[in-house]
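The values are calculated or read from the model by the stated rules, or taken from the named source; none is laboratory data. Predicted model only: the values in this text are computed from it and were never measured. With ideal geometry, Cβ positions are generated from the backbone for all residues, glycine too; neighbour counts draw on all protein chains shown. Quick note on the areas: whole protein, heavy atoms, side chains included, nothing else; ligands and nucleic acids left out. Shrake-Rupley method; radii C 1.70, N 1.55, O 1.52, S 1.80 Å.
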Amino acid sequence: MKHTLLFFLFLALAISLSATSERMVVRIDNPDQVTLNRFLAEGADIAAYKAQVYLDLVIATTDLDRLRLEFPSIHVTQTEAQLKRNLLPDRDIPGYTNYSQMVSELMQLQAQYPSLMQTSIIGAGWGSVYAAQNISAYQNFDHDLWAVKVSANVMVEEDEPAFYFVGEHHAREPLSTQVCMGILSYLLENYGTDPLVTQIMNTTEIWIVPLLNPDGHKIVLDQTDVWWRKNLRDNNDSHTFNHDNSGYGADGVDLNRNYSYYWG
């Protein structure tokens, strides 16, 4: 059994590296802890997990039949073709907010609610760093990292509890940016009329970073690599973006796997 599993692992790795197959999201229902630990140990691309309910994996289409031998009830929840169609502008949902649209919306809200909202730039993506070095491959990735403070008397530094919302560590999770922008709009629009919102903003500070990974966000929305999770760090100093359409290209760092404080 051990040799069989090793064979499948090496074969799956070879297929992943060759990037000849499209990818898909598959679901294993009612996973136990042993199943979860097995895929964690293999470094599998786990898209979602709810204990004893479901385990979602991103796999190459060529891996489905092999996994079905172990998990007969495994089923596909989304193919790569379906995912790409969902990004097209003629769908019912016209598309996710891109970086420029987000910044424009932040500026509009800042002008509309100057006493409740304060924007600031807290850093820049790697694309911006490389663009400043006149590296041609990154000229369209000149992205800053925006933070928003929301509170009554927002310009005053008060000794208040603080909440923090951050969107899109992982590039292929653009919905989290929409959620952050929705929270921001809801707080601003309902201050002074909704008692709970008013109380929260009168007694706390809310900090929102709606798009932590703007370079990766662009890679996904442009469909350069719709499975991309990481940022745009040029790991091999090639001065170009190295990817293989599987989300596991040579470049980039997974922002949500690299916090120094007690990770793991």
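Where only protein heavy atoms count, and the probe is 1.4 Å, what is the accessible area per residue for the chain in Å²?
Heavy-atom SASA per residue in the chain reads 55 Å².
³J(HN,Hα) across region 129-134 via Karplus (A = 6.51, B = -1.76, C = 1.60, θ = phi - 60°), whole Hz, x for Gly/Pro?
These are the phi-based 3J(HN,Hα) values: 4, 6, 4, 5, 8, 6 Hz.
Taking amide H positions as placed 1.01 Å from N in the peptide plane, with prolines and chain starts having none, which residues 5 or more places from residue 49, or on another chain, fall under 5 Å of its amide H?
HN-HN under 5 Å from residue 49: 56.
Rounding to the nearest 20 debye, state how big the charge dipole of the chain is about its Cα centre with +1 on each Lys and Arg Cβ and -1 on each Asp and Glu Cβ.
720 debye
Sticking with the crude label model, points 7 Å out along Cα→Cβ, report the distance from residue 163 to residue 222 in nm, one decimal please.
3.5 nm
Within a Cβ distance under 13 Å of residue 178, other residues only, what is the Lys/Arg minus Asp/Glu net charge?
-3
What fraction of the DSSP beta bridges in the chain is antiparallel, stated in percent and rounded to the nearest 5?
Within the chain, antiparallel bridges account for around 85 percent of the total.
Which percent of the accessible heavy-atom area of the chain goes to carbon and sulfur, probe 1.4 angstrom?
Working: 7950 of 14490 Å².
It is 55 percent, rounded to a whole number.
Taking R0 as 41 Å, what's the FRET efficiency between residue 155 and residue 75 from their Cβ-Cβ distance, rounded to 0.05? Don't jump to the answer; show the numbers that get you there.
Details: r = 53 Å, r/R0 = 1.29.
Plugging the Cβ-Cβ distance into 1/(1 + (r/R0)^6) gives 0.20.
Can you compute 3J(HN,Hα) from phi for each residue in region 241-257, using the Karplus curve 6.51 cos²θ - 1.76 cosθ + 1.60 with θ = phi - 60°, rounded to whole Hz and x for Gly and Pro?
Residue by residue, region 241-257 yields 8, 9, 8, 9, 6, 10, x, 10, x, 5, 8, x, 10, 7, 4, 8, 10 Hz.
Starting at the first residue of region 36-42, write each ³J(HN,Hα) from the Karplus equation 6.51 cos²θ - 1.76 cosθ + 1.60 with θ = phi - 60°, in whole Hz, x for Gly and Pro.
4, 4, 4, 6, 4, 5, 7
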